[in-house]
Amino acid sequence: MATSTSTLPASASGLYANPRQDWLAQYTEEIIDPGRPIVDPHHHLWDRGGLRYLVEEMRDDIASGHNIVATVYVDCRSMYRADGPEAFRPVGEVEFANGVAAMAASGGYGKAAICAGIVSHVNLLIGDQAKAVLEAEIAAGNGRFRGIRHSSAWDEDPNVAHMYANRPKGILLDSTFRKGFACLAPLGLSFDAWLFHPQIDELTDLASAFPDTRIVLDHCGGPVGTGRFAGKRAETFPVWKASIQEIAKCPNVVVKLGGLAMRLLGYDFHLRPRPPSSEELAAAWRPYVETCIEAFGPSRCMFESNFPPDKGQCSYQVIFNTFKRLASQYSEAEKTALFSKTAKDVYRLDIG
């Protein structure tokens, strides 16, 4: 399967709303627990389709009040090489993210170690040939490359799938894909899984087949509230919850708590006259976040910004205030896990 090119406009995804700085600026909040160290384990950087979110924009969001000490860059088809063998073009994304990490390490963009960890992409449908590409990405990462993401999001309804509508069904069960997947663990690399909730059970099968491979389930397992799932939250939630509880039985799987401010979840915060408060978001997201924490335990959960996609519905101030509200019931050790330690451990971040 050919990967999408790095020039794909973010605005065409259909899965999230485009950030609007003037709209977001209408509402600000005091930072809750401003001293708490946070590792943001999931964000993107891109400049395409008229949308720019690079180190300067990330710096400005980080500077809005929360104590972000490090971040992890995650695959978004940015800055792929324009030529050379197709399979090796994603190496350009690792080179790009590592360059941003070097910029951040200069201290000129604040104190955070931006892109301290890098997750890019290899097309695992090339099977055993994936090893050579992974090795090239390890070299390009200069000690920061930690793993890959190969999105498996798919749905029969194009109003759910949007940009993934042409993806093959059942990719995680594909035997050639699994040959590529088998290259990860021997190289000490992890796998980020981005899918919609009907595919969680396929990921559970994959995790069981490869118990030595660390798997990160992105965005609470992609609960869908659009397209054929619109207006069916009461019916969909128990199905999603059962899948979460089942995959949590796989000790090699951890989960990222976030991605809930995308349009995918079915909320209309981006259509309202003013941005939502952290209280409003906490009320909407609590069932999803608490289900995941209860199933996986705090030591296997980590809060993520998923910026800039989640910036379509709320600011960086508000999203981490929301997480702090949702975490208020947990012990200090559990909060540390949720906001920094799990991410540091999973992505082996060499930070203080």
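I'm trying to understand the selection: among the residues of segment 158-189, which are outside any helix (DSSP H, G or I) and of a type in the set (Lys, Arg)? Give the steps one after another, and end with the answer.
First pass over segment 158-189, keeping only residues outside any helix (DSSP H, G or I): 165-170, 174, 182-184, 188-189.
Listed by number, the residues that qualify are 167, 169.
For residue 74, are the conditions met, namely being surrounded by 14 or more Cβ atoms within 10 Å (Cβ to Cβ), in contact with a strand residue (DSSP E or B) (Cβ under 6 Å, 6 or more places away or on another chain), among the β-branched types (Val, Ile, Thr) and farther than 30 Å from residue 328 by Cβ? Steps first, please.
Details: surrounded by 14 or more Cβ atoms within 10 Å (Cβ to Cβ): yes; in contact with a strand residue (DSSP E or B) (Cβ under 6 Å, 6 or more places away or on another chain): yes; among the β-branched types (Val, Ile, Thr): yes; farther than 30 Å from residue 328 by Cβ: no.
So residue 74 does not fit the description; no.
What residue, of 8, 45, 54, is touching a helix residue (DSSP H, G or I) at 6+ places or on another chain (Cβ under 8 Å) and either modelled with pLDDT under 95 or at positive phi (or both)? It would help to see each step written out before you state the result.
Working: 45 fails: either modelled with pLDDT under 95 or at positive phi (or both); 54 fails: either modelled with pLDDT under 95 or at positive phi (or both).
Just one listed residue meets the conditions, 8.
Of the residues 139, 130, only one is small (Gly, Ala, Ser) and open to solvent by less than 10 Å² (accessible area, probe 1.4 Å); which?
Numbers: 139 fails: open to solvent by less than 10 Å² (accessible area, probe 1.4 Å).
The unique qualifying residue is 130.
Which one of these is in a helix (DSSP H, G or I) and either without any contact (Cβ under 8 Å) to a residue 60 or more places away in the chain or touching a strand residue (DSSP E or B) at 6+ places or on another chain (Cβ under 9 Å) (or both): 192, 128, 212?
On the way: 192 fails: in a helix (DSSP H, G or I); 212 fails: in a helix (DSSP H, G or I).
None of the others qualify; the one that does is 128.
Identify all residues within segment 286-314 that are part of a loop (DSSP other than H, G, I, E, B) and either within 15 Å of the chain's Cα centre (by Cα) or crowded, with 22+ Cβ neighbours inside 10 Å (or both); write none if there are none. Give the derivation first.
Step one: of segment 286-314, the residues part of a loop (DSSP other than H, G, I, E, B) are 297, 304-306, 308, 313-314.
If the condition is that a residue be part of a loop (DSSP other than H, G, I, E, B) and either within 15 Å of the chain's Cα centre (by Cα) or crowded, with 22+ Cβ neighbours inside 10 Å (or both), then 304, 305, 306, 308, 313, 314 are the ones that fit.
Looking at segment 25-39, which of its residues are closer than 14 Å to residue 322 by Cβ and not in a loop (DSSP other than H, G, I, E, B)?
Across segment 25-39, the qualifying residue is only 38.
Just to be sure I understand, how many residues within segment 315-329 are over 20 Å from residue 16 (Cα atoms) and in a helix (DSSP H, G or I)?
The total comes to 4.
What residue, of 224, 216, is at pLDDT 95 or above, within 22 Å of residue 181 (Cα to Cα) and not basic (Lys, Arg)? Spell out the reasoning first.
Working: 224 fails: within 22 Å of residue 181 (Cα to Cα).
Matching residue, one of 224, 216: 216.
Please tell me if residue 280 is assigned to a helix (DSSP H, G or I), charged (D, E, K, R), open to solvent by 10 Å² or more (accessible area, probe 1.4 Å) and without any contact (Cβ under 8 Å) to a residue 12 or more places away in the chain. Walk me through it before giving the result.
On the way: assigned to a helix (DSSP H, G or I): yes; charged (D, E, K, R): yes; open to solvent by 10 Å² or more (accessible area, probe 1.4 Å): yes; without any contact (Cβ under 8 Å) to a residue 12 or more places away in the chain: yes.
It is true that residue 280 is assigned to a helix (DSSP H, G or I), charged (D, E, K, R), open to solvent by 10 Å² or more (accessible area, probe 1.4 Å) and without any contact (Cβ under 8 Å) to a residue 12 or more places away in the chain.
What pairs come up if the first residue lies in segment 12-32 and is closer than 25 Å to residue 230 by Cβ, the second is at pLDDT below 95 and in a loop (DSSP other than H, G, I, E, B), and their beta carbons are under 7 Å apart, counting only those six or more places apart or on different chains?
Here the result reads 12/49, each pair linking segment 12-32 to a residue that is at pLDDT below 95 and in a loop (DSSP other than H, G, I, E, B).
Return the total of residues in segment 315-339 being within 17 Å of the chain's Cα centre (by Cα) and open to solvent by 10 Å² or more (accessible area, probe 1.4 Å).
1
The values are calculated or read from the model by the stated rules, or taken from the named source; none is laboratory data. It should be emphasised that the depicted structure is a prediction, and the values quoted were computed from it without experimental measurement. Neighbour counts run over all protein chains shown; Cβ positions are idealised from the backbone, glycine included. Heads up: the accessible areas ignore ligands, DNA and RNA and are worked out on the full protein's heavy atoms, side chains in. Shrake-Rupley method; radii C 1.70, N 1.55, O 1.52, S 1.80 Å.
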